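Below: the structure, in structure tokens.
Just so you know, all these numbers are worked out from the coordinates, no wet-lab data involved. Quantities reported herein were computed from a predicted structural model and do not represent experimental measurements. Note that we place each Cβ from the backbone using ideal geometry, even for glycine, and neighbour counts take in every protein chain shown.
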Amino acid sequence: MSVLPQSAGVDFHCHLDLYPDHEAAIARAEAARIYTLAVTTTPKAWPRNHELTRHTHYVRAALGLHPQLVAERAGELSLWEQYLPQTRYVGEVGLDAGPRFYKSLDVQVRVFRRILERCAESGGKILTVHSVRSVPTVLDMLERHYPQDRGAVVLHWFTGSKRDARRAVAIGCYFSVNGEMIRSEKGRALLGELPSDRILTETDGPFTEIAGRPAEPANVQTTIGEIARVRNVTADAMGDILRSNLQTLLLHVSERPAS
Ligand code: MN
């Protein structure tokens with residue numbers, strides 16, 4: 001990938017297909033020049049997302065099977081495997097051990113393990129990973145089933161401890177940070193500890209809000225300013241860091257061809 005344009009932003013986790021008008025949401029991300037990873041929650045959503053992002057410049061689609069949906073949709077794992085060769089981006093995947101989804105944790109672990117094994121076999125994939133109340137288990141599974149030299153992992157909306165974060169850094173993970181994370185004391189403290197070269201931005205739209213409305217990719221500009229304040233750098237410098245991190249991530253992964 002060539003040098004990213006100066007003004008472009010990064011939204012590495014957004015559910016563009018969950019806005020009232022999917023195509024219009026993609027068009028707005030393109031117009032705002034935000035490099036957007038359009039995550040999906042079920043493999044059945046893949047063909048339409050893939051179709052709509054085949055010729056976009058800034059928006060790419062990711063193939064997902066969301067841990068919160070695994071209880072009902074574990075049967076779609078074979079469909080997920082069938083589509084995997086069509087993309088280098090995978091997500092939303094991961095684990096959710098929160099009270100509502102704890103019941104399905106065994107199935108979630110089985111599905112996530114299979115996803116990691118398939119991604120490790122194929123090589124060159126970039127994963128956006130959900131880890132609610134399950135960070136140590138997610139990190140254990142990444143270590144065991146997804147060796148660092150097979151691809152890359154971005155931990156989305158990370159809520160682990162500082163110790164978990166250090167462990168994630170040691171195994172090569174990136175972190176995509178949204179505005180909601182910066183609103184808590186704990187989130188700001190964690191953000192202050194992350195290495196500069198592992199930070200990306202996300203909205204997780206429409207599940208976060210900016211100024212009382214569902215966040216959209218263009219809103220990452222606000223988040224960049226907030227991250228810059230926490231880390232005591234200028235917003236311009238932070239924007240440069242984020243673009244450089246995205247570029248490094250994409251280059252790093254493309255250097256590792258599938259075996
Ligand atoms: Mn999400």
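Which value in nm describes the separation of the simple spin-label points at R48 and I171, placed 7 Å from the Cα toward the beta carbon?
3.4 nm
A235 to A31: extension gain in nm, 0.36 nm per residue of separation minus the Cα-Cα distance? Numbers along the way, then the final one.
Details: separation 204, 0.36 × 204 = 73.44 nm, distance 2.08 nm.
Net length gain for the segment: 71.4 nm.
Put a dot 7 Å past each Cα toward the Cβ at R113 and L251; how far apart are the dots in nm?
With each label point 7 Å from Cα toward Cβ, the separation is 3.8 nm.
Let me know the charge dipole size of region 1-126 about its Cα centre in debye, to the nearest 20, where only the beta-carbon of Lys, Arg (+1) and Asp, Glu (-1) is charged.
Numbers: 15 positive and 14 negative charges, 38 e Å.
Dipole magnitude for region 1-126 comes out near 180 debye.
Would you please give the FRET efficiency between S78 and A189, computed as 1/(1 + (r/R0)^6) with r the Cβ-Cβ distance and R0 = 35 Å, to the nearest 0.05? Intermediate results must be reported in sequence, preceding the final value.
Numbers: r = 42 Å, r/R0 = 1.21.
About 0.25, to the nearest 0.05.
In terms of the Cα gyration tensor, with a ≥ b ≥ c the square roots of its eigenvalues, is region 158-259 rounded because a/c is under 1.5, prolate because a/b exceeds b/c, or oblate?
Values: a/c = 1.60, a/b = 1.34, b/c = 1.19.
Taking the square roots of the gyration eigenvalues as a ≥ b ≥ c, region 158-259 is prolate.
Using θ = phi - 60° and the Karplus form 6.51 cos²θ - 1.76 cosθ + 1.60, what ³J(HN,Hα) does each residue of region 82-89 get, whole Hz, x for Gly and Pro?
So the J values, rounded to whole Hz, are 5, 7, 3, x, 7, 8, 9, 10.
Just in region 1-71: which trypsin sites (Lys or Arg not before Pro) are loop by DSSP and have at most 10 other Cβ atoms within 10 Å?
Numbers: sites: R28, R33, K44, R48, R54, R60; in loops: R33, R54.
The qualifying sites are R54.
Please get the size of the charge dipole for region 9-254, origin at its Cα centre, with Cβ charges of +1 on Lys and Arg and -1 on Asp and Glu, quoted in debye to the nearest 20.
480 debye
To the nearest 500 deg cm²/dmol, what mean residue ellipticity at 222 nm is calculated for the chain from DSSP H runs of n ≥ 4 alone, each contributing -39,500 (n - 2.57), summed and divided by the residues? Can you show the working numbers first?
Values: 11 runs with 111 residues, N = 259.
My calculation for the chain gives -12500 deg cm²/dmol from helical runs alone.
Could you put S131, S184 in order, starting from the residue whose Cβ has the fewest other Cβ atoms within 10 Å? Please report the intermediate quantities before stating the final value.
Values: S131 26, S184 11.
The order, fewest Cβ neighbours first, is S184, S131.
Enumerate the amide H contacts of V59 below 5 Å, restricted to partners 5 or more residues apart or on another chain; note that Pro and chain-start residues carry no placed amide H.
Distant-sequence amide H within range of V59: T36.
Taking 0.36 nm per residue of sequence separation and subtracting the Cα-Cα distance, how much length would be gained by fully extending the chain between R100 and S244, in nm to one decimal?
Working: separation 144, 0.36 × 144 = 51.84 nm, distance 3.76 nm.
So the extension gain works out to 48.1 nm.
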